[in-house]
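Novice: Questions regarding the structure given below will be posed in turn.
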Amino acid sequence: MHELSLAQSVVELIEAAALREGFTRAHTVRLEIGALSCVEPEALRFAFESATAGSCAQGARLEILPVPGQGECPACSHQAAMDTLYDLCPACGTAPLRVLRGTEMRVRDLDVE
Amino acid sequence: MCTTCGCSGDGATLHTHHADDGHDDALTLTPDVRHVSIEQDILSRNDHIAAHNRHDLAHAGVFALNLMSSPGAGKTTLLVKTIEQLAGRLPVAVIEGDQQTSRDAERIRATGAPALQINTGKGCHLDARMVQEALPRLPLQRGGLLMIENVGNLVCPAAFDLGEAHKVVIFSVTEGEDKPLKYPDMFRAADLVLLNKCDLLPYLEFDADLAEANAQRVHPGVRVMRVSATSGEGLDEWLAWLKSHAELCAQSHDHSHEHLHGHHPHGTHA
């Protein structure tokens, strides 16, 4: 995943929200990043600082809220935590788990003025 | 600079700079600071443009594919061979994505098919906006194909919807059977896997059955075709797949046209 491109998209979302909600500065930005999303959080943090330069989110505190991977077996319906996208079902071992949570890449909310 | 493809060699994880360093000076919510809920996917803008592209392509009756692979797997050669085989039967237009040069677009144009080159510069993947700008500049014929050859990269393009009907990943027998396990996002995003350069199998210790099994492990039920762009092996199945999908696209255009104009010759629609 290209974190700089993602960080630029985050800034676009914040700028659009600034117009819509009528704020001039974002102090805190909270993102939900799933453990299975293949976003490298530290790379995103690094990219965020350069992407926000000159925007209403310049200098904002970035909080990355991790979402753990969770899946369900299509064969036996067992639910289990997932570390990778192709984890096999730990109960029956016959099938890869279907992802329920953990692929999120979202802007959750902001603290603004 | 791409921090994940390794194309610049910069290890972003060695240069972390926490955004809250120096800004952690007792931030409290004052009456002036308020909470705003966003709840939007980071890629929502790209996906919105991709949806527009998808609509425009459906309206034009064009079957569009997003072709992805690591550099050197044979995307362009396969495209050239495909266009040559389809000449006179299916119109094909091509969008070429590379960081630099227009060499791939020139190779396509040499077959007689129209090709538009997008140079991403530092960028490592095509996005929906680039494709949106390219569409009006290509002759797209109803019942024809639009082949979007993405930048050679098995990581980043996987998550960027361009508005295509299907993502196709091409990997070759010189890349190792564990490729799908190493790049699961790409192999999960693709609806079709083309295992290319199969003419080289007699000279390699590559286990094609294992490669297919690995693709199935990451993406259960994914279709896999074994092909060789140079020898022509396996291309019949690929061409038949293309033709049947192109025919469906040509027909669905007519249906959506009737729907837009309020005609319901087959009764009420849901």
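Novice: Taking H as built 1.01 Å from N, whose amide H comes closer than 5 Å to the amide H of A:ASP109, not counting residues under 5 places away?
Specialist: Under 5 Å from the amide H of A:ASP109 lie the amide H atoms of A:ARG30, B:ILE38, B:GLU39, each far enough along the sequence or on another chain.
Novice: Here is a follow-up. From the cross-link list B:LYS75/B:LYS179; B:LYS81/B:LYS182; B:LYS75/B:LYS197, which pairs have alpha carbons spaced over 19 Å apart?
Specialist: Beyond 19 Å: B:LYS81/B:LYS182.
Novice: On a 0 to 90° scale, report how tilted helix A:3-21 is relative to the longest principal axis of chain A, with both axes built from alpha carbons and the result rounded to the nearest 10.
Specialist: 60
Novice: With everything on Cα atoms, drop me the angle between helix A:41-52 and the longest principal axis of chain A, reported from 0 to 90° to the nearest 10.
Specialist: The two axes meet at around 20 degrees.
Novice: Applying the Karplus parametrisation 6.51 cos²θ - 1.76 cosθ + 1.60 with θ = phi - 60° to the phi angles of the range B:35-44, what ³J(HN,Hα) value in whole Hz is obtained for each residue in order, glycine and proline being reported as x?
Specialist: Values per residue, Gly and Pro as x: 9, 10, 7, 10, 6, 10, 5, 4, 8, 4 Hz.
Novice: To continue, here is another question. Pairs of alpha-carbon atoms within less than 8 angstrom and 6+ residues apart define the contacts here; what relative contact order does the range B:44-253 have, in percent? Working shown, then result.
Specialist: On the way: 441 pairs, mean separation 57.4, N = 210.
Worked out over the range B:44-253, it gives 27 percent.
Novice: Across peptide A:36-45, how many C-beta atoms of other chains are within 10 Å of each residue C-beta, on average? All intermediate terms of the calculation are to be shown ahead of the outcome.
Specialist: On the way: counts 2, 3, 9, 3, 4, 2, 8, 8, 4, 6.
Neighbouring Cβ atoms belonging to other protein chains average 5 per residue here.
Novice: Moving on. For the protein assembly as shown, what does the alpha-carbon gyration tensor say about shape, rounded, prolate or oblate, given a ≥ b ≥ c as the root eigenvalues, a/c under 1.5 as rounded, and a/b over b/c as prolate?
Specialist: Since a/c reaches 1.5 and a/b is larger than b/c, the shape of the protein assembly as shown is classed as prolate.
Novice: Using a simple charge model, +1 on the beta-carbon of Lys and Arg, -1 on the beta-carbon of Asp and Glu, nothing else, what dipole does the protein assembly as shown show about its Cα centre, in debye to the nearest 20?
Specialist: Working: 31 positive and 52 negative charges, 207 e Å.
Around 1000 debye, computed over the protein assembly as shown.
Here, each number is a calculation from the coordinates, and none is a lab measurement. Note that this is a predicted model, so its numbers are computed, not measured. We place every Cβ from the backbone using ideal geometry, glycine too, and count neighbours over all the protein chains shown.
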